[in-house]
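Q: Once you've had a glance at the structure underneath, I'll fire off some questions.
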Amino acid sequence: MEKSKAILQSLLPVVMWLAVQSVVSLVFLFWRDYPPYFDGVLINFVTLLIGGFWYQSLKKKDNTVQIAVSPAGWVGLALLGGAIQFCTSFALTGISGMFPQEMENYGNVMESLGMYSPTFFSVVYTMLLAPFVEELIFRGLTLKILEKAFPFWAANILQALYFGIIHGNIIQSSYAFFAGLLFGSVMYKYKSLKYVIWCHFFVNFLGMVLGMFPVPLWLGVLLTIVPLGVLWGMEKRKVKN
């Protein structure tokens with residue numbers, strides 16, 4: 001019973017986000033002459049306000065101590081974000097021939113988000129606000145609600161599943177699920193949304209950069225995974241010492 005209740009409650013942050021989208025979209029039915037992506041910026045801004053107060057109310061009941069991150073740790077989280085983006089691009093290149101229609105739909109979604117030809121509002125919407133809103137909804141509110149009734153591994157899978165489904169198409173949903181698992185693990189390790197947001201920001205940032213200035217995928221993987229492995233080894237050595 002407790003688990004069923006937690007699952008239902010964990011859907012409320014997404015429902016809140018969708019409700020904000022619906023209300024704002026109704027407003028823009030009567031105001032059609034607005035800059036592209038301005039409606040998305042407003043939706044995310046309102047969601048941040050509501051979700052931020054909600055998250056703070058949950059934190060007051062939580063005695064979790066945040067983990068301090070060293071400068072090398074910040075760099076490592078940025079590299080992790082880069083690695084997620086490059087590995088995703090590498091995987092999409094590998095399967096593009098297998099699912100041509102899905103890849104075409106995916107390309108249309110990316111173009112609609114301004115990933116290939118960004119404007120001011122598309123950058124604010126996709127690169128700046130999206131990491132804040134998505135991490136607040138899924139790794140902040142949803143994960144915290146689920147952890148009240150489930151062990152972390154189960155709560156993490158559920159929130160990542162929600163995160164994948166909300167992206168709406170099979171290509172994005174697939175890699176968003178795996179990215180959600182990693183973001184959830186970062187949240188679990190460091191106990192603070194700011195570190196997950198930082199990592200997520202670099203995923204979106206590099207996605208936009210690669211949309212404008214493609215680089216060889218092997219080079220991108222090399223420049224992110226190798227330094228990430230070096231940093232991980234250095235941290236392990238410090239722990240042993």
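Q: Quick one: would you say residue 15 is within 14 Å of residue 138 (Cα to Cα), of a type outside the set (Lys, Arg), in a helix (DSSP H, G or I) and without any contact (Cβ under 8 Å) to a residue 12 or more places away in the chain?
A: Spelling it out, residue 15 is indeed within 14 Å of residue 138 (Cα to Cα), of a type outside the set (Lys, Arg), in a helix (DSSP H, G or I) and without any contact (Cβ under 8 Å) to a residue 12 or more places away in the chain.
Q: Within the stretch 63-72, does at least one residue satisfy the condition of being of a type in the set (Val, Ile, Thr), touching a helix residue (DSSP H, G or I) at 6+ places or on another chain (Cβ under 8 Å), surrounded by 15 or more Cβ atoms within 10 Å (Cβ to Cβ) and in contact (Cβ under 8 Å) with a residue 60 or more places away in the chain?
A: Residues of the stretch 63-72 that are of a type in the set (Val, Ile, Thr), as a first pass: 64-65, 67, 69.
Now narrow it down to the ones that are touching a helix residue (DSSP H, G or I) at 6+ places or on another chain (Cβ under 8 Å): 67, 69.
Adding the requirement that they be surrounded by 15 or more Cβ atoms within 10 Å (Cβ to Cβ) leaves 69.
Pick out the ones that are also in contact (Cβ under 8 Å) with a residue 60 or more places away in the chain and you get 69.
For the stretch 63-72, residues of a type in the set (Val, Ile, Thr), touching a helix residue (DSSP H, G or I) at 6+ places or on another chain (Cβ under 8 Å), surrounded by 15 or more Cβ atoms within 10 Å (Cβ to Cβ) and in contact (Cβ under 8 Å) with a residue 60 or more places away in the chain: present.
Q: Right, next: Considering only residues that are more than 15 Å from the chain's Cα centre (by Cα), in contact (Cβ under 8 Å) with a residue 40 or more places away in the chain and surrounded by fewer than 21 Cβ atoms within 10 Å (Cβ to Cβ), which ones fall in the stretch 145-168? Spell out the reasoning first.
A: Our first condition is that a residue be more than 15 Å from the chain's Cα centre (by Cα); within the stretch 145-168, this holds for 145-155.
This time we only want the ones that are in contact (Cβ under 8 Å) with a residue 40 or more places away in the chain, so: 145-146, 148-150.
If the condition is that a residue be more than 15 Å from the chain's Cα centre (by Cα), in contact (Cβ under 8 Å) with a residue 40 or more places away in the chain and surrounded by fewer than 21 Cβ atoms within 10 Å (Cβ to Cβ), then 148, 149, 150 are the ones that fit.
Q: Take residue 122 and tell me if it is farther than 30 Å from residue 226 by Cα, among the small types (Gly, Ala, Ser) and surrounded by 13 or more Cβ atoms within 10 Å (Cβ to Cβ).
A: Working: farther than 30 Å from residue 226 by Cα: yes; among the small types (Gly, Ala, Ser): yes; surrounded by 13 or more Cβ atoms within 10 Å (Cβ to Cβ): yes.
Here the answer is yes, as residue 122 does meet what is asked.
Q: Next question, about the same structure. Residues that are modelled with pLDDT under 85 and either of a type in the set (Lys, Arg) or out of contact with any Phe, Trp or Tyr (no Cβ under 9 Å at 6 or more places or on another chain) (or both): find the helices (runs of 4 or more DSSP H) completely inside the stretch 60-165 holding 1 or more of those.
A: Numbers: elements: 71-95, 100-112, 120-123, 130-134, 143-146.
In the stretch 60-165, 71-95, 100-112 are the helices (runs of 4 or more DSSP H) which contain 1 or more residues that are modelled with pLDDT under 85 and either of a type in the set (Lys, Arg) or out of contact with any Phe, Trp or Tyr (no Cβ under 9 Å at 6 or more places or on another chain) (or both).
Q: Within the stretch 172-205, take every residue that is in a helix (DSSP H, G or I) and among the charged types (D, E, K, R) and give me the one that is farthest from residue 130 (Cα to Cα).
A: 189
Q: Can you say whether residue 186 is crowded, with 18+ Cβ neighbours inside 10 Å and either more than 21 Å from residue 10 (Cα to Cα) or of a type in the set (Phe, Trp, Tyr) (or both), as far as the supplied structure shows?
A: no
The values are calculated or read from the model by the stated rules, or taken from the named source; none is laboratory data. Source: prediction; values computed, not measured. So basically every Cβ, Gly included, is an ideal-geometry build from the backbone, and we count neighbours across all protein chains shown.
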